[in-house]
Structure formats: structure tokens, C-alpha cells
Amino acid sequence: MRDILEALEAGHMLDTACAISGVHYETTLRWLGKGARDLHEGRESDFAAFTARAKRAMGSSVAELWSVVLEAARKGDVKAAQWALSKHSPSRFGDKLAIEQSVVDKPEVPANEEEARARWEAIGRRNGWLT
């Protein structure tokens, strides 16, 4: 737990902190879940302390990075300002994606097993997984 916390406090993301410490990500998520339950129920435990410290570390990292972006925007960096707005209010300032829909014809169903096998083998040869 200590290695994960140190990595988080150094600014690493949770998955990276887990990798650095050699603890599986899913295990860490379970620990955080147990800690959150303990905190919610007012129980003191190692998991509760771990969760509280981890959340503080992750929040500090985000706040520090956000401050850097905002400072750059305040100094006139238009890209930093655009990025901050797109992340802060994506529905108003985020990229609008144009979605194009098209109708795709259903593939023709093979007439019999022999035809199906022939198509399968042709696809396999074309893709290099059948010789």
C-alpha cells in the first residue's frame, strides 16, 4: 500500500502506481472499495486510511496539473485555454463529432456447408491465417 501511495503522491495515475508497486490494479480497486465502505460507515481501518490518502494524492495531482493549464491560459496560451474549456464544459466547448450513418447490406448467406467452408478458407488465405 505504501508504494502505491508514494507513486500517487509523486503524481502517477492509479494504474501506473499499481504497476510501479507490483500490485494488481484490481486488487487496489478492492482495497479502495473496502476503504470507501469503512469511511462511509465511520470505521477506522488501514483500508480507510489508504483510501483517504490515495484520494487526496490523486486530487492534488489533478489540481496541480489543472493549475498549470489555467496559468498558461491566463498568460495568453490559446491552445491551453481551448483545451481547458473543452474539458471543463465539453457540451458547450468540446469537439462536435459529425456522425455519418450508412446502410450496409447483409452479407449473402452461403447456400450450403461447402460454400461456407470455401468462403472461410478464402478469407483465411487472404488474411494470412490459413495457407
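No value in this document is a laboratory result; all are computed from the given coordinates. In this text, all values refer to a predicted model and were calculated from it rather than measured experimentally. When we count neighbours, we look across all protein chains shown, and the Cβ atoms used for this are built from the backbone with ideal geometry, even at glycine.
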What does the highest-first list of 72-79, 27-34 look like by mean Cβ count within 10 Å? 27-34, 72-79
Add -39500 (n - 2.57) for each DSSP H run of 4 or more in the chain, then divide by its residues: what number comes out at 222 nm, to the nearest 500 deg cm²/dmol? -22000 deg cm²/dmol
Treating only the Cβ atoms of Lys and Arg (+1) and Asp and Glu (-1) as charged, compute the dipole magnitude of the range 2-75 about its Cα centre; round to the nearest 20 debye. 200
What does the C-alpha gyration tensor say about the overall shape of the chain? Classify as rounded when a/c is under 1.5, otherwise prolate if a/b is larger than b/c, or oblate. oblate
Show which aspartates and glutamates lie in cross-link reach of LYS79 when reach means a straight Cα distance below 20 angstrom and same-chain residues fewer than eight apart are skipped. GLU64, GLU71, ASP95
Expected sort for 37-43, 101-107 on mean C-beta neighbours within 10 Å, highest first, is 37-43, 101-107
